[in-house]
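Report on one structure; see the data block that follows.
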Amino acid sequence: MKKWLAIGLLSLTLTGCGYNTLQTTDEQINASWSEVVNQYQRRADLVPNLVNVVKGYAAHEKDILIQVTEARAKVGQMQITPELVNDAAAFQKFQAAQGELGGALSRLMLVAENYPQLKADGVFRDLQAQLEGTENRISVARGRYIKSVQEYNVTVRKFPSNLTAMMFGFKTKPNFTVENEKAISTPPKVDFAPAGSNTSPSSQSSPSPGY
């Protein structure tokens, strides 16, 4: 009887000191982080097909095509594990790599503005729509992650739950910063206007081999 009473008192104490809140918010972070990673992976998976269709109409735009390909490769080489959210340095590298890929995609889309026939290509327009949708999903997933981390970090720092956090080894987690948000939250320009007065070289009238 005394044993169960002690367990009950301990449970009430831990609940009142924020232990359950720490566990709950930590799990929310894990779930929201998985969604962030899934959406970034969705964007990375679009890159090869996007590069190939652009290359078919604008093979001589070699520099930007290489930039996108290399940025995508850098993202693919990263070891993304659940532990990454506890490592500020690794988290910063993740943000930087995703920001580089997002910037390269934005430049690629701006280049595509100069090729009306590319913009009219059905495959390109489908990829364009997928990219736009993915960027929106990334924004939503990232917003949920930011909120989860903020809630968790407040619990870790606030009295008396900070005492429980110290006792059980809960520490604050890195989050997307304002500067990084500006760098990675601007979706590539994918809402193209119908082909107008811009013209492409006559040699662009049909897809050409890649470089």
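Restricting attention to segment 136-145 and to residues that are surrounded by fewer than 20 Cβ atoms within 10 Å (Cβ to Cβ) and among the charged types (D, E, K, R), the residue that is nearest to residue 98 (Cα to Cα) turns out to be 137. Before we move on, is residue 141 farther than 26 Å from residue 31 by Cβ, at pLDDT 95 or above and aliphatic (A, V, I, L, M)? Taking the combined requirement at face value, the residue does not satisfy it. Residue count for segment 108-126 under the criterion of being buried (at least 20 other Cβ atoms within 10 Å of the Cβ) and closer than 15 Å to residue 45 by Cα: the result is 1.
Among the listed residues 195, 183, identify the single one that is modelled with pLDDT under 55, in contact with a helix residue (DSSP H, G or I) (Cβ under 6 Å, 6 or more places away or on another chain) and farther than 21 Å from residue 127 by Cα.
Values: 195 fails: farther than 21 Å from residue 127 by Cα.
After applying the criteria, what remains is 183.
Of the residues making up segment 85-103, those that are without any contact (Cβ under 8 Å) to a residue 40 or more places away in the chain, among the aliphatic types (A, V, I, L, M) and farther than 17 Å from residue 135 by Cα are 89, 90.
Number of residues in segment 146-179 that are under 20 Å from residue 17 (Cβ atoms), surrounded by 14 or more Cβ atoms within 10 Å (Cβ to Cβ) and of a type in the set (Gly, Ala, Ser): the value is 2. Scanning segment 39-83 for residues that are within 13 Å of residue 109 (Cβ to Cβ) and not in a helix (DSSP H, G or I) returns 58, 61.
Within segment 133-167, the set of residues being of a type in the set (D, E, K, R), part of a helix (DSSP H, G or I) and more than 13 Å from the chain's Cα centre (by Cα) comprises 147, 151, 157.
The values are calculated or read from the model by the stated rules, or taken from the named source; none is laboratory data. Just so it is clear, the model here is predicted, and its values are computed rather than measured. Here Cβ is always computed from backbone atoms with ideal geometry, including for glycine, and neighbour counts include all displayed protein chains.
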